[in-house]
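Engineer: Supplied in structure tokens, the structure appears directly below.
Bear in mind that the values in this text are calculations on the coordinates, not laboratory data. Quick caveat, the model's predicted, so the values are computed rather than measured. Cβ atoms come from the backbone with ideal geometry, glycine included; neighbour counts cover every protein chain shown.
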There are 2 protein chains.
Amino acid sequence: MKAAILTIGDEIMIGQIVDTNSTWIAAWLDLNGWKVTRKLGVRDEIPEIIKGIDLCYEDADLVITTGGLGPTKDDLTKDALCQYYNSKLIWHEETWSRVKEILKRINREPSDLHKVQCYLPENARIIPNDQGSAPGMMFEESNKILVSVPGVPHEMKHLLSEKIIQLLPKGEAVEHRFVRTAGEGETVLAEMIEDIESALPSDIKLAYLPSFSQVTLRLTSYGDGKKERMDVLQKQIVDRLGDLVYSTSLDISLSKSIGDILRKRNETIGTGESCTGGYLSHLITAVSGSSDYFIGSIVPYAYRMKTSELDVPQEMLWEFGAVSEEVVRSMAEGVRKNLDVTWALSTSGIAGPTGGTPQKPVGTIWIACSGPNGTKARLLKLTRDRVSNIEYASIAALVLLRKMLLEEGEG
Amino acid sequence: MKAAILTIGDEIMIGQIVDTNSTWIAAWLDLNGWKVTRKLGVRDEIPEIIKGIDLCYEDADLVITTGGLGPTKDDLTKDALCQYYNSKLIWHEETWSRVKEILKRINREPSDLHKVQCYLPENARIIPNDQGSAPGMMFEESNKILVSVPGVPHEMKHLLSEKIIQLLPKGEAVEHRFVRTAGEGETVLAEMIEDIESALPSDIKLAYLPSFSQVTLRLTSYGDGKKERMDVLQKQIVDRLGDLVYSTSLDISLSKSIGDILRKRNETIGTGESCTGGYLSHLITAVSGSSDYFIGSIVPYAYRMKTSELDVPQEMLWEFGAVSEEVVRSMAEGVRKNLDVTWALSTSGIAGPTGGTPQKPVGTIWIACSGPNGTKARLLKLTRDRVSNIEYASIAALVLLRKMLLEEGEG
């Protein structure tokens, strides 16, 4: 079953924004057994959109389009779809009720432009959007399906995964198995499982998906009757990689896997973040239910807050500087004591692009973890941009915590 | 002058990686006066690549392809190009010398796979790659140009911007102007500038690019001699939208624009975040130089931290609950006093997906801002997923702060 993705919008074509929508949709289609053969981006121009649909249909049974569904003049997808499917826009009362309801929740009055969004192609199946004003649309013609969803990522994901998936024909059987790891790079992992990888049957593919301090391994097979073999292979890899593996499900992130351990042990955690500025705390609290174990965080950006909130001695700050093993340890211990938590993480460093010195260049970041049996610190020397350095250091702190949690668990 | 981008690689088509290459190339082409009419992604399969070139050429004078130039079996771009241009691979001694030289620099021995990379299409113009083993290639046929570069981002950028740009015909002049706004949606903005938009000359386009609580307006024109008219139009829109406008540059985010105001006034800020869990603080500290005005943040996830760190009275928590106007105000005022800052932001709510009640459903989020002239609170009723709710509430808090900053400035 072949599918194509059509992304509509000038902002994509002038390189103003990165098209993460089509990446998400491609992965989602793949997971549901659809082979994506073509990804096409076109401008907000009716002839281009129409041509784009043609090109996508050429070799696919299903086309997913995103974008161009807003109420303003540059949004032309609906008009293009009407032309393509020889239809016209008609008033859709149900959408109007839903738009009014959404606006009421946020104390807004509906306007004429909101009404524009309620004129929809007569021959489309309308898919109610619970998260925004533009609904999804589905067209069927001679066994080919086109689905149009808004370009706003959370609305697109909501519509596809909650409303549209059940309306599509079932894709080809596809099996994926995941092994999510933290703490080692792709090359080391590949060496650890070299023999397993070499012995893989030709109909099963292994991919390494690296991200900051983490690598997710994905096994993929197409066709029926492969479940058992896939399970065996996954187990082989999990056994070989041991403690590096934190989950075998895409739904369980590193920070969720840590939360699950803490909840089970009835332990708590808090953070003290200087250079990561709240991002570490965000990673922990992005997990639903994190209030079960997360007590809170102090982000002591200014020196004086490191002293007042985390009891870092002023002389220590002067002698070693905020970016030092001494201070990052003291911060972790301060969090552990002042927030009264089982585990405390801390970060202090120079995220860049300015603020570096010859001794402590940009990317010098200390992380520490303090627990029942003591405190450990690690020095990172990063070379990325500011936000990537912040993200990397936050993940590295979680990796350090996970390692200590496992060690204590064994002791 | 029209251009198209062809991205080659299975990893793009299964959604394994985000295609940032084509974004960079699109922006680079746009900046150099090439109108990108089509962006196409295809799999590592020879017929698909050939079909892809056809589709790109259909409406473009220039095609840039990336990917599929490595030495392994899944890299098929060179073979496809030979078929397309009716050519054959021949040994390229100059590339071999360059590959040996690069390998020598990193103390590696050349292997058979490196030799594979020195067989190149006979009729291509070879563009030496100083940063990797696969060179760029350029094909010219009946006034149309195809450029093939490796998918490794830094090699691709190096080849295009240092070696290839001077070989291409000069593109058309293009002008962009941006107006970035916060606090109102697309619909309201469109109404506010309806007359300006209707009166736009047909050769100037206006686009609305919405994100959480923000909309960026983009004016675009092609051709020479439009700078002045673009400036006039931009100013008209800026004047009309007034305080909603926070910047006219893509490099200046909402949080940077706020930081610039604070720095100029020599004022400081701190945050107290419950439901946003550090994300607000992350937005502020994602800006380089934020330590000039950002003192720090308290993330009091547990009740006890709201009391111990921010002096929220325990009775208040019991009487009204953590998610209440009273508590969010008390949090902001606690931050302002305890962190000794000019401005304090606070958030408290139910990000979801669990934890809602009939009185306070998921998405009920209070935000507050406390400044020299008092405290203001706002209730949000959000309907997104957990992380989107967190992001939206954080931006909304910044919007509230900006509004109060401007009001105080006027007083």
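Engineer: How many percent of all Cα-Cα pairs in segment A:254-410 sit more than 25 Å apart?
Structural biologist: On the way: 2752 of 12246 pairs.
Cα-Cα pairs in segment A:254-410 separated by more than 25 Å: 22 percent.
Engineer: Out of all DSSP beta bridges with both ends in the protein assembly as shown, state the antiparallel percent to the nearest 5.
Structural biologist: Details: 96 of 148 bridges.
Within the protein assembly as shown, antiparallel bridges account for around 65 percent of the total.
Engineer: For segment A:129-226, I need the span (max minus min coordinate) of the C-alpha atoms along each principal axis, in Å, sorted largest to smallest.
Structural biologist: 50, 33, 15
Engineer: May I ask you to derive the relative contact order of segment B:117-197, considering only C-alpha pairs under 8 Å and at least 6 residues apart, and to give it as an integer percent? Show your work: numbers first, answer last.
Structural biologist: Values: 57 pairs, mean separation 14.4, N = 81.
Relative CO of segment B:117-197 lands at 18 percent.
Engineer: What trypsin sites (Lys or Arg not before Pro) does segment B:152-211 have in DSSP loop regions with at most 15 other beta carbons within 10 Å? Intermediate values should be presented prior to the final figure.
Structural biologist: Numbers: sites: B:K157, B:K163, B:K170, B:R177, B:R180, B:K205; in loops: B:K170.
Qualifying residues, ordered by number: B:K170.
Engineer: Hey, what do the phi angles of segment B:257-271 turn into as Karplus ³J(HN,Hα) couplings, whole Hz, using 6.51/-1.76/1.60 and θ = phi - 60°, x for Gly and Pro?
Structural biologist: 5, 5, x, 5, 5, 4, 4, 5, 8, 6, 10, 10, 9, x, 10
Engineer: P(r) of chain A in 10 Å steps, Cα pairs, percent per bin?
Structural biologist: Over chain A, the share of Cα pairs per 10 Å bin runs 4, 18, 21, 21, 20, 12, 3, 0 percent.
Engineer: For segment B:74-94 and segment B:341-411, compute the distance between their C-alpha centroids and round to whole Å.
Structural biologist: Between the Cα centre of segment B:74-94 and that of segment B:341-411, the gap is 58 Å.
Engineer: Computed from the mean reciprocal separation of all distinct C-alpha pairs, what Kirkwood hydrodynamic radius does segment B:66-133 have, in Å? Don't skip to the answer; put the middle values down first.
Structural biologist: Values: mean 1/r = 0.0798 Å⁻¹.
Result for segment B:66-133 stands at 12.5 Å.
Engineer: For A:V299, which sequence-distant residues (separation of 5 or more, or a different chain) have an amide H within less than 5 Å of its own amide H, given hydrogens modelled in the peptide plane?
Structural biologist: Amide H neighbours of A:V299, under 5 Å, 5+ apart: A:E273, B:S297, B:I298, B:V299.
Engineer: Now a separate question. Would you mind finding the longest exposed-site-free stretch of chain A, with exposed GluC sites (Glu not before Pro) meaning DSSP loop and at most 14 other Cβ atoms within 10 Å? Numbers along the way, then the final one.
Structural biologist: Details: sites that count: A:E58, A:E122, A:E172.
The segment A:173-411 is the longest one with no such site.
Engineer: Distances from B:R265 to the same position in the other copies: list them in nm, one decimal, shortest first, using label points 7 Å from Cα along Cα→Cβ.
Structural biologist: 4.6
Engineer: Label-point separation (nm) for B:A173 and B:Q314, each offset 7 Å from Cα along Cα-to-Cβ?
Structural biologist: 7.2
Engineer: Can I ask one more? Hey, with R₀ at 22 Å, roughly what FRET efficiency would A:E186 and A:K381 work out to, going by the Cβ-Cβ distance, to 0.05?
Structural biologist: About 0.70, to the nearest 0.05.
Engineer: Would you kindly work out, in nm and rounded to one decimal, the distances from the label point of B:S161 to those of the same position in each other copy, ordered shortest first, with label points 7 Å along Cα-to-Cβ?
Structural biologist: Counterpart label points of B:S161 in the remaining copies fall at 3.5 nm.
Engineer: Given a Förster radius of 22 Å and the C-beta distance between B:S142 and B:Q166 as r, what FRET efficiency does 1/(1 + (r/R0)^6) yield to the nearest 0.05?
Structural biologist: Values: r = 22 Å, r/R0 = 1.00.
My answer for the efficiency is 0.50.
Engineer: Return the percentage of antiparallel bridges among DSSP beta bridges fully within chain B, rounded to the nearest 5 %.
Structural biologist: Working: 44 of 70 bridges.
Within chain B, antiparallel bridges account for around 65 percent of the total.
Engineer: Further question: Taking a cut-off of 18 Å between Cα atoms, list the lysines near B:K157, but don't count ones fewer than 8 places away on the same chain.
Structural biologist: Partners found: B:K39.
Engineer: Take the Cα of B:K157, step 7 Å along the line toward its Cβ, and report every residue of segment A:387-411 whose backbone nitrogen sits under 19 Å from that point.
Structural biologist: Residues A:387-392 fall inside that zone.
Engineer: Calculate the dipole size of segment A:233-296 relative to its Cα centre from +1 charges on Lys and Arg beta carbons and -1 charges on Asp and Glu beta carbons; express the result in debye to the nearest 20.
Structural biologist: Values: 6 positive and 7 negative charges, 32 e Å.
Here segment A:233-296 has a charge dipole of around 160 debye.
Engineer: Same structure, new question: Assigning unit charges at the beta carbon (Lys, Arg +1; Asp, Glu -1) and nothing else, what dipole magnitude in debye, to the nearest 20, does segment A:254-410 show about its Cα centre? Could you put the intermediate results ahead of the total?
Structural biologist: Numbers: 17 positive and 17 negative charges, 72 e Å.
Magnitude of the dipole: close to 340 debye.
Engineer: Considering every Cα-Cα pair within segment B:2-167, what fraction, in whole percent, is farther apart than 25 Å? Don't skip to the answer; put the middle values down first.
Structural biologist: Values: 3541 of 13695 pairs.
Counting every Cα pair in segment B:2-167, those more than 25 Å apart make up 26 percent.
Engineer: Grab the beta carbon distance between A:E58 and B:E408, set R0 = 56 Å, and tell me the FRET efficiency rounded to 0.05. Don't jump to the answer; show the numbers that get you there.
Structural biologist: Values: r = 59 Å, r/R0 = 1.06.
For R0 = 56 Å, the calculated efficiency reads 0.40.
Engineer: Above 37 angstrom, tally the Cα pairs of the protein assembly as shown and express them as a % of all pairs, no decimals. Intermediate values should be presented prior to the final figure.
Structural biologist: Working: 165031 of 337431 pairs.
Value for the protein assembly as shown (Cα pairs over 37 Å): 49 percent.
Engineer: What's the center-to-center distance, using Cα atoms, between segment A:1-24 and segment B:207-227 in Å?
Structural biologist: Value for the Cα centre distance between the two parts: 19 Å.
Engineer: How large is the dipole of segment B:2-167 about the Cα centre if only Lys and Arg carry +1 and Asp and Glu carry -1, each at its Cβ, rounded to the nearest 20 debye?
Structural biologist: Computed about the Cα centre, the dipole is about 320 debye.
Engineer: Please compute the length gained on full extension between B:Q131 and B:T357, using 0.36 nm multiplied by the number of residues separating them and subtracting their Cα-Cα distance.
Structural biologist: Values: separation 226, 0.36 × 226 = 81.36 nm, distance 5.84 nm.
Separation in residues times 0.36 nm, less the Cα-Cα distance, equals 75.5 nm.
Engineer: How high is the relative contact order of chain A? Use alpha-carbon pairs under 8 Å, at least six apart in sequence, and give a whole percent.
Structural biologist: Working: 764 pairs, mean separation 41.2, N = 411.
Here the relative contact order equals 10 percent.
Engineer: Ordered shortest first, which distances in nm separate the 7 Å Cα→C-beta label point of B:V238 from those of the other copies?
Structural biologist: For B:V238, the other copies' label points sit at 5.9 nm, shortest first.
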